[in-house]
Amino acid sequence: MRKLIVLVVLLLLNISLSFAAQIHALEFNDENKALITINERDIIRFSVPYREYDLDKYAQGEINYELTEKEHKVMVREIGNTNNFVRLTIFIEGAETPQYFDLGFNNIIKLDFDRDSLDDLSLRLDKIEDKRVTFSFERINDEEKTGKVQLFGRTQSNEKQNSFIDKIKVLFNNLFKNSNNAVAEEEGAEEASTIENTNKPRIVDRLADNWIWTILGVIIILVLVWNRRFIKRKIRRLFL
């Protein structure tokens, strides 16, 4: 009986070890790309550049950050029954909960680890064969990131006007221009959707868009009104 119990324990231990997940370290080449093939339940470990923003300066309208690296993990939780997609669990360093994705051959996952609206990594499914999955990764270096920084959950003050012309333009926009965009944002959502109004622009919108000509027209009208008597005398001399 004792031998039977030992035999069962060894058998269970052997089964558990055979199904234990392996952790694979991902190495990027000079072009910041990597190709890797792993089994179901395996984990991929990798590091990407991470921006640590100065939140106080960001609130004042300035962008200041220190560049570090953080390690993240991707696990193949399950291969789909039709072998055309995989279920992934992504563990982000510093996040309280993991993220879950279904990735197919026609999709690309783009990840923003520092939540600044700029992509840090893209992940593509290349092949599924004999319960082995092949992925391609592409890392985005800091100097390659383009676009406006928008930190999730943080507000930024309006940019300072650098010239008198900028102030005049803002004044006319505020006086005449009617905003045609409505922004809808759900509480807790990471992205805001913009609903555009397709109606034709009003006259005041055109005046605001062509604010230089608007200013010149206003100046000419004021000059004419101010010197209307002088102008009347000149007209009489011409035609009398």
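The values are calculated or read from the model by the stated rules, or taken from the named source; none is laboratory data. It should be emphasised that the depicted structure is a prediction, and the values quoted were computed from it without experimental measurement. Please note: Cβ atoms are built from the backbone with ideal geometry, for glycine as well, and neighbour counts cover all protein chains shown.
Among residues of region 125-149 being of a type in the set (K, R) and part of a loop (DSSP other than H, G, I, E, B), the one that is surrounded by the most Cβ atoms within 10 Å (Cβ to Cβ) is K145.
Of the residues examined, Y58 is not one that is within 27 Å of G147 (Cβ to Cβ), in contact with a strand residue (DSSP E or B) (Cβ under 9 Å, 6 or more places away or on another chain), surrounded by 15 or more Cβ atoms within 10 Å (Cβ to Cβ) and at pLDDT 95 or above. Taking the criterion of being part of a helix (DSSP H, G or I) and of a type in the set (A, V, I, L, M), the residues of region 30-65 that qualify are L55, A59. Applying a threshold of 8 Å to beta carbon distances and a minimum spacing of six or more residues, or different chains, the list of pairs starting in region 19-43 at a residue that is in the same structural domain as K70 (by TED's automatic domain parsing) and charged (D, E, K, R) and ending at one that is surrounded by 12 or more Cβ atoms within 10 Å (Cβ to Cβ) and not in a strand (DSSP E or B) reads R41/A21; D42/A21.
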